[in-house]
Amino acid sequence: MNRNFTSVFIFFITLFAFAQAPQKLNSVEIYEQVQKLNFLGKVLYVAAHPDDENTKLITYFSNHYHAQTAYLSLTRGDGGQNLIGTELREKLGAIRTQELLAARKIDGGEQFFTRANDFGFSKEPNETFAIWNKEEVMEDVIQVMETFRPDIVVNRFAHNTPGTTHGHHTASALLSLEAYDLIKYQPKRIFFNTSWWFYGSEEAFNAADKSKLLTINSNVYYPLKGKSNNEIAALSRSQHKCQGFGTIGTRGDETEYLELLRGDLPSSTNLFEGIDTSWNRVKGGSEIGKILYEIEKNFNFGNPAVHIPSFLQAYDLIQKLEDTHWKEIKTKQLLKIIEACSGLYLEAVADTETITKDSKFNLQLEVINRSSSDVKLISVNALHIKNETLNKSLKNNEKLSFQFKEVVVGDAVDYSNLFWLKEQQTEGMYQVSDKSIRILPEISTSFPVIFTLEIEGRTLEFVKNICYKFNNPDDGETYVPFTILPEFTSTIEPKVMIFNATQPKEITVQVKAHKANASGTLTLAIPQDWKIEPKEIPFTIAGKNEERKFSFKVYPTKPEITTKIVAQITTSNESVLDKELVTIQYPHIPKQTILVTSAAKAVKLDIATKGKNIGYIMGAGDEVDKNLVHLGFQVTHLNPNDITAENLKSFDAVILGIRAFNVVDELKFKNKILFDYVFQGGNVIVQYNTTNNLITKEIAPYNLKLSRDRVTDENAKVTFLSPNHKVLNQPNKISEKDFTGWVQEQGLYYPNEWSSEFIPILASNDEGETPKKGGLLIAKHGKGNYIYTGLSFFRELPEGVSGAYRLLANLIALE
């Protein structure tokens, strides 16, 4: 292996080019990179979740000062909801990670994380730290600070107001301050990015002590970009699509407020006051600065390549720096600039998107020098292609293409997967044994190809990742990751099987082969007191990417129990494979490949149902509808535009998906039809909505006001306020036992005001709080029932929580 391979690989995995189209900088963008090259200052912004960050400030630091600016999000946002699909938990975290990277590409920032798992809402930091491993999260925060070495740290949230916001928010500020006091390399100053909102009102803010407050006009205009700071920031924030955070750009002066927490307050609006951000900051940097400042001053936008000799001269001097931190950073920045000025195009494309470890593929390389510089391709190093010596001169705009045939990945390579999901996680923490990667947003699972070139007599290395590209009729040239997969993956359907009798049910396993002519034996692993027929199924699949379905009969145990079924495939070489392939693909982020255990839940449950036909109006995305099918209901998806009094008559109940009154505009016109359906004897069950962006205030036939009340402790004791109500007794007797085993949170966004027509059924609360009675409200309206519930059915049903199924069955059966 090339002696620089490992260090270069680790160096480049922080780049956010996960098998996307290659970046091609124009002259203005090259010039902006030169400005960044000549600024030796850094800012770290700290908060808890994706979308917490103030993109206005990140954009400002990155583009106004040209500072290296990073956002540390303690979590990947796994505990949130999803407005663009049904992915939750780890899959949602994968989406939100990529949305952050998409945002950083726009605002110019970088991205870091800790291993903290976003387990859902918490009300104060002690509750957060009871689930997170505080020491491990602190270790990661310290690692980010000591690795990135910021001059300025900015906290998004206040550290001294616990209980007034999400517990994760306050925890992020507390950890940031503690880390600031502990790290060896201490930043010059740390701020709290405050606003009047944190004071409760503009009047309170105006009356507050501002002796430690710095005000800056962040919304400057960038002529080279043709946009104001906040126009760029809006584009960045709008990448948080799964959370619905699209926003409009603004122009004109806007003020940001920074409250000093540690360090000294600048006497001006220059946040880097007292910090040498010039090349004089590093020993030996003065000579480098003379070269690079001259380039910046007299930059040739028409032909940036004329600066290559000077850039190479600066490169030589940078390699002599004693300060390894700045040497590494500025080498990386300068190589990117030299590549862009040379018009270098370096690409390595596989002839297949997926491959197994022992399969062969062809690797097509393209190299072109689009400048008059003297450039020679010396060698290529990738996988088992070790320092392939070429010594090819690259004339201006003369393309060099060549192929390595029958390349093998090899057994030493791990399967493609998100690195933070490879080890067993806990409720509060992801486990990443390799400390060198745990703070990174991602590691590309495509493989680095090192192109060694000689440019004007200097030997330089450029790293690209193997990718796969194809022509999409709609989008043209399309890049996706090159991925390494097991010989087989499998998917069990359904994901939850409800047995309410001793009769067997059929389970289907779909097996996909990732190589041709592959054989194996399929079995289902399940506790011994359950019975599976047949015990095993031998099979052979002829074609790569071909799929076949196999069926088993599952006989349940007698007692009520929830268990796990795992599909296992024993291959011809005796390997046992148990992975399901999950792909996530949306237009605004790169395609994601996740390997999870191929499993389903089997729930033996004594449950009675009444009613058959359910109308379901999808909201922001959930899988409650799919899980109702497991109980034997016939579920029909209703297009809100087609809701009429006539077509609702056939349904025993109509259920609205989560956030339906937030995202389905048609309901502002159709709600009266739903109310009339209730009046005529129907059941309408409305799942939770948020207080923001309600499309109508009339979400019920009677007065009902939503709040931000929630019960975050899924194990909170439940009191029955109306124990004799039919919903707790027919057709299933509901007891406290039915609220055991719930996951993540009991409920959210409960109403806190309602008219006398509503009957509160349940009460529960988090520790130290008064009982919340709005989790399940039922109002008789005419002959039918209008039901509003903030209980988290959308989380519980996919997890096979038996009590949630029993309670929902009673809601549907209500007369």
Worksheet item: Does any residue of the stretch 15-38 turn out to be modelled with pLDDT of 95 or more, within 28 Å of GLU427 (Cα to Cα), surrounded by fewer than 24 Cβ atoms within 10 Å (Cβ to Cβ) and not polar (S, T, N, Q)?
Response: no
Worksheet item: Of the residues GLY252, GLY274, GLY289, which single one is at positive phi and in contact (Cβ under 8 Å) with a residue 60 or more places away in the chain?
Response: GLY274
Item to complete: Return a yes/no flag: does the stretch 446-462 have any residue that is in the same structural domain as GLN23 (by TED's automatic domain parsing), within 30 Å of VAL46 (Cβ to Cβ), aliphatic (A, V, I, L, M) and touching a residue at least 60 places away in the same chain (Cβ under 8 Å).
Response: no
Worksheet item: Which one of the conditions (1) hydroxyl-bearing (Ser, Thr, Tyr); (2) within 30 Å of LYS558 (Cβ to Cβ); (3) in a strand (DSSP E or B) does THR502 fail to meet, given that it meets all the rest?
Response: (3)
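The rows are residues; the columns are (1) assigned to a helix (DSSP H, G or I); (2) more than 27 Å from GLY803 (Cα to Cα); (3) at pLDDT 95 or above; (4) outside the structural domain of GLY784 (by TED's automatic domain parsing).
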residue	(1), (2), (3), (4)
PHE661	yes, no, yes, no
ASN692	no, yes, no, no
LYS697	no, yes, no, no
PRO701	no, yes, yes, no
ASN724	no, no, yes, no
TRP742	no, no, yes, no
Discussion item. With the requirement that a residue be at pLDDT 95 or above and either closer than 25 Å to PHE245 by Cβ or in a loop (DSSP other than H, G, I, E, B) (or both), what does the stretch 667-689 give you?
Written reply: LEU667, GLN680, GLY681, GLY682, VAL686, GLN687, TYR688, ASN689
Worksheet item: With ASN126, ASN117 as the choices, which residue is under 27 Å from ALA716 (Cα atoms), buried (at least 22 other Cβ atoms within 10 Å of the Cβ) and either touching a residue at least 40 places away in the same chain (Cβ under 8 Å) or assigned by TED's automatic domain parsing to the domain that holds ASN270 (or both)?
Response: ASN117
Fill in: Any chance THR583 is hydroxyl-bearing (Ser, Thr, Tyr) and touching a strand residue (DSSP E or B) at 6+ places or on another chain (Cβ under 7 Å)
yes
Discussion item. Can you pull out every residue in the stretch 625-659 that is in a helix (DSSP H, G or I) and either out of contact with any strand residue (DSSP E or B) (no Cβ under 7 Å at 6 or more places or on another chain) or within 22 Å of GLY681 (Cβ to Cβ) (or both)?
Written reply: LYS626, LEU628, PRO640, ASN641, ASP642, ALA645, GLU646, ASN647, LEU648
Item to complete: Restrict the check to the stretch 628-643 and report whether at least one residue is touching a helix residue (DSSP H, G or I) at 6+ places or on another chain (Cβ under 6 Å) and farther than 30 Å from LYS737 by Cα.
Response: yes
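So which strands (runs of 3 or more DSSP E) are wholly in the stretch 506-549 and hold at least 3 residues that are modelled with pLDDT of 95 or more and farther than 21 Å from PRO494 by Cβ?
518-525, 537-541
Would you be able to tell me the number of residues in the stretch 179-233 that are of a type in the set (A, V, I, L, M) and free of Cβ contacts under 8 Å to residues at least 40 places away in the same chain?
Total meeting the criteria: 3.
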Discussion item. Let me confirm something: among GLN503, GLN528, GLN592, which residue is out of contact with any His (no Cβ under 6 Å at 6 or more places or on another chain) and more than 30 Å from ARG806 (Cα to Cα)?
Written reply: GLN592
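Right, ILE565: surrounded by 18 or more Cβ atoms within 10 Å (Cβ to Cβ) and either modelled with pLDDT under 95 or in contact with a strand residue (DSSP E or B) (Cβ under 7 Å, 6 or more places away or on another chain) (or both) or not?
yes
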Practice prompt. Restrict the check to the stretch 309-327 and report whether at least one residue is among the small types (Gly, Ala, Ser), closer than 28 Å to LEU101 by Cα and either free of Cβ contacts under 8 Å to residues at least 24 places away in the same chain or not assigned by TED's automatic domain parsing to the domain that holds ARG189 (or both).
Written response: no
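Would you please name the residue that is farthest from ARG659 (Cα to Cα), looking only at residues in the stretch 762-799 that are among the basic types (Lys, Arg) and not in a strand (DSSP E or B)? Please lay out each step first, then the result.
If we filter the stretch 762-799 for residues that are among the basic types (Lys, Arg), which is where we start, we get 772-773, 780, 783, 795.
In the following step, the residues that additionally are not in a strand (DSSP E or B) were identified as 773, 783, 795.
On the way: LYS773: 20, LYS783: 26, ARG795: 14 Å.
By that ranking, first place goes to LYS783.
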Worksheet item: Of all the residues that make up the stretch 312-339, how many are closer than 24 Å to ASN381 by Cα and touching a Lys or Arg at 6+ places or on another chain (Cβ under 8 Å)?
Response: 5
Fill in: ILE614, sole failed condition from (1) outside any strand (DSSP E or B); (2) touching a Ser or Thr at 6+ places or on another chain (Cβ under 8 Å)
(1)
Discussion item. Quick check on the stretch 605-636: of everything there that is of a type in the set (Ser, Thr, Tyr) and closer than 19 Å to LEU667 by Cβ, which residue is surrounded by the fewest Cβ atoms within 10 Å (Cβ to Cβ)?
Written reply: THR636
Worksheet item: SER372 fails exactly one of the following numbered conditions: (1) in contact with a helix residue (DSSP H, G or I) (Cβ under 9 Å, 6 or more places away or on another chain); (2) at pLDDT 95 or above. What is the number of that condition?
Response: (2)
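Here is a yes/no grid of residues against (1) in a strand (DSSP E or B); (2) touching a Lys or Arg at 6+ places or on another chain (Cβ under 9 Å):
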position: LYS56; (1), (2): no, yes
position: ALA94; (1), (2): no, yes
position: GLN111; (1), (2): yes, yes
position: PHE119; (1), (2): no, no
position: LYS123; (1), (2): no, yes
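The values are calculated or read from the model by the stated rules, or taken from the named source; none is laboratory data. Just so it is clear, the model here is predicted, and its values are computed rather than measured. A quick note on method: Cβ atoms are made from the backbone with ideal geometry, for glycine too, and the neighbour counts reach across all protein chains shown.
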